[in-house]
Amino acid sequence: MFSIDTKTRCLTKLARKSFYQTVEINSYAGGVERHLEPFADRTARNSFLHQLICDVYDVLPETRTSASRHWEIGVHLVRILRIRANQATPPLRECIAMAMPSPPLRW
């Protein structure tokens, strides 16, 4: 979890907190509070990750971004495995979830 000041583009690593998505958004793992492992310091400082977060923020509609200068950014890493074609598994998605701090959005 990070905080971003959208004017200065400064990212700050936040304390660990739970992550929630509704079943409508995530039919595989939605409907429960999930506690994801925190990033290693090396990962949290990664300049590519910081730029990716800023790039995702930049494509949000202005009607959303103008609502707050400070945002909380939820990021979790997903390992994607190659499997044999005859094995059925749910698809995995990579994502960066952004939510204004007040009122908190539940994705």
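Return only the number of the condition from (1) at pLDDT 80 or above; (2) more than 16 Å from CYS10 (Cβ to Cβ); (3) within 15 Å of the chain's Cα centre (by Cα) that ALA99 does not satisfy.
Only one criterion is unmet by ALA99, namely (1).
So in segment 37-50, with the set limited to residues that are hydrophobic (A, V, I, L, M, F, W, C) and in a loop (DSSP other than H, G, I, E, B), which one is surrounded by the fewest Cβ atoms within 10 Å (Cβ to Cβ)?
Result: ALA40.
Hey, can you tell me all the residues within segment 51-77 that are touching a helix residue (DSSP H, G or I) at 6+ places or on another chain (Cβ under 9 Å) and outside any loop (DSSP other than H, G, I, E, B)?
If the condition is that a residue be touching a helix residue (DSSP H, G or I) at 6+ places or on another chain (Cβ under 9 Å) and outside any loop (DSSP other than H, G, I, E, B), then TYR57, ASP58, THR65, TRP71, ILE73, VAL75 are the ones that fit.
Taking segment 13-36 as the region of interest, how many residues are part of a strand (DSSP E or B) and either modelled with pLDDT of 90 or more or charged (D, E, K, R) (or both)?
Total satisfying the criteria: 2.
Kindly list, by first and then second residue, each pair from a residue in segment 5-31 that is within 21 Å of ALA44 (Cβ to Cβ) and touching a residue at least 60 places away in the same chain (Cβ under 8 Å) to a residue that is among the aliphatic types (A, V, I, L, M) and in a strand (DSSP E or B), limited to pairs with Cβ atoms under 9 Å and residues at least 6 apart or on different chains.
ASP5/LEU11; LEU11/ILE4; LEU11/ILE73; PHE19/ALA97
The values are calculated or read from the model by the stated rules, or taken from the named source; none is laboratory data. Please read all numbers here as calculations on a predicted model, not as lab measurements. With ideal geometry, Cβ positions are generated from the backbone for all residues, glycine too; neighbour counts draw on all protein chains shown.
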